[in-house]
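Readers should treat all values here as calculations from the given coordinates under stated rules, not as data from a laboratory. Everything numeric here is computed off the predicted structure, so don't read it as measured data. Positions of Cβ are generated from backbone atoms using ideal geometry, with glycine treated the same way; all protein chains shown enter the neighbour counts.
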Amino acid sequence: MRTNYCGLINEQYLGQTVTLQGWAHRRRDHGGVIFIDLRDREGIVQVVVDPDTPDAFATADGSRSEYVLEIKGIVRARPEGTTNSKMISGQIEVLAKDIIILNKAETPPFQIDDENLSENVRLTNRVIDLRRPTMQRNLRLRYQVALLVRNFLDTKGFIDIETPMLTRSTPEGARDYLVPSRVHDGQFFALPQSPQLFKQLLMVAGFDRYYQITKCFRDEDLRADRQPEFTQIDIETSFLNEEEIMSITEEMARHVFKEAINVDLGEFPRMAYDDAMFYYGSDKPDLRVDLKFTELTDLMKTEEFKVFRGAADMDGGRVVGLRVPGGAVMSRKDIDDYTKFVGIYGAKGLAYIKVEDVSNITNGEDSGLKAPIVKFLSVEALKTIIERTGAQNGDIIFFGADKRKIVDEAIGALRIKIGHERGEAGGYFTKSWKPLWVVDFPMFEYDEDGKRWNACHHPFTSPKAEHLELLKTSPGECKARAYDMVLNGWEMGGGSVRIHQADVQSTVFDALGIGEEEAQNKFGFLLDNLKFGAPPHGGLAFGLDRLVTLMTGAESIRDVIAFPKTQRAQCLLTNAPNAVDEKQLRELHIKLRNPPVIE
């Protein structure tokens, strides 16, 4: 029977007999003495096997990497000069007296401590990958974060209530995963994209403070920070306004970071959505990078340079500059690489100006500004660009000119890339934690294709009280009682105060072009119950996967999920999704239009 975990044995056990169970991480034969690094979930301990215990020595000699072993031995101090201060067990070793092979193992597909593995290899062999110390630490931290969240919310009077996994399909801006019903011919359940409607119903039911750490599902294109199934820390409250909700959840974030990884997040400044987009081109700006956009759209409306003038005159166009201190040292190759990078976001090119002498601003060959575009801009415009950006000798200014969405995304991504690659040396990047709240989101965004307004969050978000009249006259100017918690360029959580009054909800539906019949069909079970004395309520949802990814510094949320999907929404371990047989399809009343493609 095991008496101790390997990684937790230290000097307090000197002279004691212990029984350990775990995996042979590494086996070494040093001149007749065998060393086994025995590993379990808590870490590694060094085991020494001498020839004077012949049975144990023979068993050790026959053991190989990843064999499952039970070892009984005496804890002793390591010889001087062989200690390891980075390990809890680094001052001791275990002199083995008995060894039992609990199970043999085939040679694994890679070394457990190999950190240079392709993701496909790791995900195909995920069980072995999860043995790696990095993955063990990540998932242990994930557990700890979830526990801290539960304990915090419990102390604040929140109640953990489960909501359904099988529900009805509702439009929330992304595709539902549908589940066919066997007993209701031709009808489907949907897996929830969030518990949004149910948690609002729980407020109507009088539970006052609800939370749930729950799975959610979205069938959409994936990126490094997205998964088809993800875990959400879902929170809803009654009788609290947005400032009070933000205060509680901010306190929770501070508590979790401090207790889990000993990080003090400090203050959470407020930033209006319009300011975030104006200065950073993003509603989740990474404030570790101290670079900002400079607005030049108005200036370019009087210039003849077609690239800038065309964007400035375009409906919804934008021209911005991005000053990079010390960036004039960039080579032609550097600039070409950045040009290719912004092309990913739809930018057709990347204009720039290198600043060599701000006292000599002309558009001739002797100008202190060096770039192909200088000759196409007036001297007055060049001087204004230098003045607005605050550029100094040795700087470079990059320009974005196109539709606002393209400019924001392309130059915003360039800002982050340059900041992370060059900012520490240049003094405009700080390795720290930079949280903030982004507030005053627009209620609606206009869909050019559909020629209609869509809800930026969801149609149950409450407008600001002073903007109620704008719902009827100018929906695009209406601001929502919505808020996002942002950390280092990642959206940690987002939420809003909900609509609890029927007349306001009706007005929002009118602005969205949702008629009474459509609203009743899609949301009737919520609307019907809002009539029975719905309290003012609101909430917020955190992405647990993102939260832990930030804490670990992992490159992808796949590194903090035990069994994730790839960017193509596949599980390489189980080969899911997979085809099903005709009998199952018949039971579900499904006939495939196209046969499945087996890759």
Residues with amide H under 5 Å from that of Asp50, placed H, sequence gap 5 or more: Ala96
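At 0.36 nm per residue, and after removing the present C-alpha to C-alpha distance, how many nm does the segment from Glu267 to Asp50 gain when stretched out fully?
72.4 nm
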Sort 401-407, 465-471, 289-295 by packing, meaning the average of other beta carbons within 10 Å per residue, with the highest value first. 401-407, 289-295, 465-471
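Which helices, taking whole DSSP H runs in the chain, have alpha carbons extending 27 angstrom or more along the helix axis plus mean Kyte-Doolittle at least -1.0?
Details: long enough: 133-155 (33 Å, -0.26); 242-261 (28 Å, -0.31); 404-426 (31 Å, -0.38).
Flagged H segments are 133-155, 242-261, 404-426.
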Listed by chain and number, the residues whose amide H is under 5 Å from that of Gly394, excluding neighbours fewer than 5 places away on the same chain and using placed H, are Val355, Glu356
Spatially proximal lysines relative to Lys156 (Cα-Cα < 25 Å; intrachain offsets below 8 disregarded): Lys199, Lys215, Lys258
Label zone at Lys472 (point 7 Å along Cα-to-Cβ), backbone N below 15 Å, region 489-533: 503-512
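Any chance you could run the full-extension gain for Arg76 through Arg568? It's 0.36 nm times the residue separation minus the Cα-Cα distance, nm to one decimal. Please list the in-between numbers first.
Numbers: separation 492, 0.36 × 492 = 177.12 nm, distance 5.12 nm.
Here the segment from Arg76 to Arg568 would lengthen by 172.0 nm.
Say R0 is 22 Å: what FRET efficiency, to the nearest 0.05, do Thr17 and Glu259 get from their beta-carbon distance? Kindly include the intermediate steps, with their values, before the conclusion.
Details: r = 36 Å, r/R0 = 1.62.
Efficiency at R0 = 22 Å is approximately 0.05.
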Projecting the Cα atoms of Leu296, Gly390, Ser378 onto the charge dipole of region 289-423, where Lys and Arg contribute +1 and Asp and Glu -1 at Cβ, the residue farthest towards the positive end is Leu296
Search the structure for amide H atoms under 5 Å from the amide H of Arg26, placed 1.01 Å from N in the peptide plane, and list their residues when 5 or more places away or on another chain. Asp37
Of the listed peptides 387-395, 448-456, what is their order by residue-averaged count of other C-beta atoms within 10 Å, with the highest listed first? 387-395, 448-456
Each label point is 7 Å from the Cα along the Cα-to-Cβ direction; what then is the distance between the points at Glu587 and Asn575, in nm? 2.1
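Given the Cα-Cα distance of Lys215 and Trp490 and 0.36 nm per residue of separation, how much length would full extension add, in nm?
Gain in length upon complete extension: 97.0 nm.
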Pull up the cross-link candidates among the lysines for Lys104, meaning alpha carbon to alpha carbon under 23 Å and not fewer than 8 places away within one chain. Lys72
Spin-label point model (7 Å from Cα, Cβ direction): what's the Phe239 to His184 distance in nm? 3.6
Count the lysine pairs in region 435-534 that are 8 or more places apart or on different chains: how many have C-alpha atoms under 17 angstrom apart? 4
Please report how many Lys pairs in region 289-423 have alpha carbons closer than 15 angstrom, counting only residues at least 8 apart along the chain or sitting on separate chains. 15
